[in-house]
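The values are calculated or read from the model by the stated rules, or taken from the named source; none is laboratory data. Because the structure is predicted, anything quoted here is derived from the model rather than measured. Backbone-built Cβ (ideal geometry, glycine too); neighbour counts: all protein chains shown. For accessibility, only protein heavy atoms count, side chains too; no ligands or nucleic acids. Shrake-Rupley method; radii C 1.70, N 1.55, O 1.52, S 1.80 Å.
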Amino acid sequence: MELAKSLKIHHYSLWFLLLNAFMFCMARGHVPSVYWVVKETKYTRLCSTKNMLTVNGMFPGPALHVHKGDRHGVKQPRNPWSDGPEYVTQCPIQPGANFNYEIIFSTEEGTLWWHAHSDWSRATVHGPIIIHPKIGTTYPYLKPHAELPIVMASWFKGDVMEVIQTALVTGGEPNQSDAFTFNGQPGDLYPCSKAGTLKTVVDYGKTYLLRIINAVMNEEMFLMVANHTLTVVGMDAAYVKPIRTSYIMITPGQTMDVLVTFNKAPSHYYMAARAYAGVTYNNTTTTAIFQYSGNYSAPSNPSFPNLPNYTDINAVTNFTKQFRGLASKDHPIDVPKHIDTRLFVTVSSNTLPCANDSCAGPNGSRLSASLNNISFVSPRIDILQAYYQKLKGIYEANFPSEPPYFFNFTADVMPDNVLTPMTATKVRVFKYNSNVEIVFQGTNVLSAAENHPMHVHGYSFFVVGFGFGNFDNETDPKGYNLVDPPELNTYGVPTNGWAAIRFKADNPGASFDNF
């Protein structure tokens, strides 16, 4: 759920599938209740000081600790009014006003996050949600010695709201961030940052659970801990079959639970993260240090990880192809086998014309984004209210099952008729309890193919397949994993490729399907 104009959590509520461009969610609990204040706070990073929006003056914001089944929320079953996306489930929270969120955790167990969902306020208004096993149960792996939240985020020297507002006015790309951060600190590769670098003391031979959250605005991130093996055991508050790896790649909005046993010679080791390249990206590296407890001489230069290259698509594919749901007796997989509704949805970057070619996008145009060649327009009244009160003229319930044109979606050269999308407020209505399959097809429109994180509010979904090139409706479904697919709420559609997801539409409400 999320605070529209103030806050949100990662998961969702719906019955409409609303198609737009971007993602995410927040929380206010039941026992005990949590009181948070959204306010401007002065922060200094990278040699400069600014005021920015925070919760309780903290960046990242406070962690919310709950147990599975608590009355807090993410999927928000039967509770759509607390999901939070502005102009979808509610209007933004006005300055000086307040809002009580009720959040219902149902099947989630692991790590999620809350965040704002109005413009770019989520850049600084976000924090962890840690969902412990239900009381009386435990993890499906040996209990770790300790748990460490690791929140990656973007840092802008300027006002993030001005950054996005300028981009919206000019129609061009938003300015790149000036740094990435671990738990609010850029790390000692950035100017004026050495003293604040995140340092964590660990005990030799002990296993720690890193609860990793990618709250970065746009970039997928590679992450490594020098000389140590990572074991991924959970993603988006669902368990996966353990993945032993030297690195992870995590998309914006995604979370991962990662075990690390600190069993190397006692010393200092860097944890580092940098972007997997999109069309535009920040090419800097954020760092933190794990320091073994005990008496020894600290090295002048801690061991540094050999991160994958920015453009290493093989590293991305080799990692993501390992995702499998745990599919155990206590954590079963219930992927829909019979499908009632199928959607084929193209994901594109586009342009809209500007008078006298006066905008900052390609050839004086305005940058846009579309699903099935439709660019979402925020309505004047939120969709859920309009549906509930039967208000006319707010949205159209005819989002198409396929794009208006079929072409070589991943070709180097595109036809002119796919460059400019329709602008509209369209939704797709599903019957309650129907089984839905969506194939997201990435495109190379504007030569802007990149890994697109897709996110569905109100649901986790099963990723049953992915591939490169154009989806083949005859052959590709034969390779679907219907036994132990991962259950996620955010997944990156491969660059110039496709991804297929399935879910049961059993959560009435209005929701975004975003990238």
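Here A273 fits the description: open to solvent by less than 20 Å² (accessible area, probe 1.4 Å) and either part of a loop (DSSP other than H, G, I, E, B) or under 27 Å from R45 (Cα atoms) (or both).
Among the conditions (1) open to solvent by 10 Å² or more (accessible area, probe 1.4 Å); (2) farther than 29 Å from T410 by Cα; (3) of a type in the set (D, E), D257 misses just one, which is (1).
Output the residue which, of all residues in segment 351-384 that are charged (D, E, K, R) and surrounded by fewer than 16 Cβ atoms within 10 Å (Cβ to Cβ), is nearest to A448 (Cα to Cα). Steps first, please.
So the first thing to find is which residues in segment 351-384 are charged (D, E, K, R), and the list is 357, 366, 380, 382.
Subsequent filtering for residues that are surrounded by fewer than 16 Cβ atoms within 10 Å (Cβ to Cβ) retains 357, 380.
Numbers: D357: 20, R380: 31 Å.
For segment 351-384, the residue satisfying everything is D357.
Pairs meeting the criteria (first residue in segment 119-140 and more than 22 Å from L326 (Cβ to Cβ) and basic (K, R), second residue modelled with pLDDT under 95 and buried (at least 16 other Cβ atoms within 10 Å of the Cβ), beta carbons under 6 Å, at least 6 apart or on different chains) are R122/H115; R122/A116. Residues of segment 395-448 that are of a type in the set (V, I, T) and part of a loop (DSSP other than H, G, I, E, B): T410, V413, T420, T425, T443.
Could you grab me the full set of residues in segment 315-346 that are charged (D, E, K, R), within 14 Å of F462 (Cα to Cα) and touching a strand residue (DSSP E or B) at 6+ places or on another chain (Cβ under 6 Å)? Correct list: R324 only. Applying the condition of being among the basic types (K, R) and touching a strand residue (DSSP E or B) at 6+ places or on another chain (Cβ under 6 Å) to segment 468-504 and asking which residue is least open to solvent (accessible area, probe 1.4 Å) yields R502. The set of residues in segment 385-415 being of a type in the set (S, T, N, Q) and open to solvent by less than 50 Å² (accessible area, probe 1.4 Å) consists of S401, T410. Looking at this structure, is Y432 free of Cβ contacts under 8 Å to residues at least 60 places away in the same chain and either in contact with a Leu (Cβ under 7 Å, 6 or more places away or on another chain) or surrounded by fewer than 19 Cβ atoms within 10 Å (Cβ to Cβ) (or both)? Judged against the criteria, Y432 is not a match.
Could you list all residues from segment 218-227 that are open to solvent by less than 10 Å² (accessible area, probe 1.4 Å) and touching a Lys or Arg at 6+ places or on another chain (Cβ under 8 Å)? Those that are open to solvent by less than 10 Å² (accessible area, probe 1.4 Å) and touching a Lys or Arg at 6+ places or on another chain (Cβ under 8 Å): M221, F222.
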